[in-house]
Structure formats: structure tokens, C-alpha cells
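One structure is given below, encoded as C-alpha cells.
The values are calculated or read from the model by the stated rules, or taken from the named source; none is laboratory data. Since the model is a prediction, treat every value here as computed from it, not as a measurement. No Cβ is skipped: glycine too gets one built from the backbone with ideal geometry, and neighbour counts run over all protein chains shown. What goes into the accessible areas is simple: the full protein's heavy atoms, side chains included, and nothing from ligands, DNA or RNA. Shrake-Rupley method; radii C 1.70, N 1.55, O 1.52, S 1.80 Å.
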Amino acid sequence: MKYRVVAKEAFSVAGVRAVTEQPGGVWDIIKKDGRMQQMQRDAQGQPVTLGLCFGFDCTGRNDNMVGFVVAEEVPGYAFYAFPPSDWVVLKAEGKISDGVLYKTWQYIHGELIDRQVICQREVPTIEDYQVWNEEADYCRVEIGVAVV
């Protein structure tokens, strides 16, 4: 699997954050309760495509956030400011039903982090859902892992 290293300046994300039973569970919550549409209006043209993962607790619950890039805090939304950092970026692209996103994460953990090819910073990982079409069974997601 190919990856690239990208240097990014500091940036911030506003969005909806929650601890959920399943990974990335905030997506389902905001789609069902209408907050996705509200976020799209409040994002003022920024795409609402970012999924942040703050980690998992000992029971497997996922602290995660769905959001958009902002210059400053937005009232009513959670806020996270990323420091300047180098990021290892991989693309998960293909059939959703084939588990392409899961397989990419397996590679990141099994081949890059566990083998100490990269050293992850203590900041959330980011998934940028550029395309997620369940009807067509196709996705293109860029995964970013901040590294030391």
C-alpha cells in the first residue's frame, strides 16, 4: 500500500463529537437527527467530510467527531485545534462491501504503527470522506495519521 508524507500547518475543525458504540458512530447520529444538514449550512461552503478519531476506551467505545475546517470556534460545535505536523496520508478507494476502509486501517496499524515505521502523534486521526456512495458500493477516503 502506498502512502505519502505531507507537512501541514496548524488547522482547526468544528463539528459534532460523541462517544459511540461503533467506530465513526457520529455519522449515523447526525444523518438521522438532521444535524448533518445544519452542519452543511453552518460550514459556509466548507465540505462536511472529516471524521476525527480520538481513540477507543477499554470497552471498544469510540470517541469520534464529524466536522469541517474552520478558522475559529463556531458556537454550538465541538472544536479541535491541530498543531503543525507531518501527516502520513493513505487513500482507501474501492468497494465498501470489500472492507477497503477497514483493510487500510489494518495496514496502518499492522505495517506502519506496530512495526514502528511511523510514530503516531497524540492527536486524533482524520478520515476525509471524499466519496462515500453506499448505493454504488464505492468509497474514496483519505486517511491522515499525524506523525512525530
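Taking the criterion of being among the β-branched types (V, I, T) and either without any contact (Cβ under 8 Å) to a residue 40 or more places away in the chain or under 13 Å from A14 (Cβ atoms) (or both), the residues of region 37-88 that qualify are V48, T59, V66, V69, V70, V74.
Answer yes or no: is there a residue in region 130-141 that is farther than 26 Å from M39 by Cα and either in contact (Cβ under 8 Å) with a residue 60 or more places away in the chain or under 15 Å from the mean Cα position of the chain (by Cα) (or both).
Step one: of region 130-141, the residues farther than 26 Å from M39 by Cα are none.
No; the residues of region 130-141 include none that is farther than 26 Å from M39 by Cα and either in contact (Cβ under 8 Å) with a residue 60 or more places away in the chain or under 15 Å from the mean Cα position of the chain (by Cα) (or both).
If you go through region 29-83 and keep only what is within 18 Å of W132 (Cα to Cα), more than 14 Å from the chain's Cα centre (by Cα) and among the hydrophobic types (A, V, I, L, M, F, W, C), you end up with I29, I30, M36, M39.
May I ask you to list the residues in region 34-64 that are in contact with a helix residue (DSSP H, G or I) (Cβ under 6 Å, 6 or more places away or on another chain), of a type in the set (A, V, I, L, M, F, W, C) and crowded, with 19+ Cβ neighbours inside 10 Å? Break it down into steps so the answer makes sense when it comes.
Keep residues of region 34-64 that are in contact with a helix residue (DSSP H, G or I) (Cβ under 6 Å, 6 or more places away or on another chain), which gives 36, 48, 64.
From what's left, of a type in the set (A, V, I, L, M, F, W, C): 36, 48.
The answer is V48, and nothing else.
In region 90-106, the residues that are at positive phi and of a type in the set (K, R) never reach a residue that is at pLDDT 95 or above and surrounded by fewer than 17 Cβ atoms within 10 Å (Cβ to Cβ) with C-beta atoms less than 8 angstrom apart, at least six apart or across chains.
Just give me the residues in region 1-21 being open to solvent by less than 80 Å² (accessible area, probe 1.4 Å) and over 18 Å from V123 (Cβ atoms), in sequence order. Result: V16, A18, T20.
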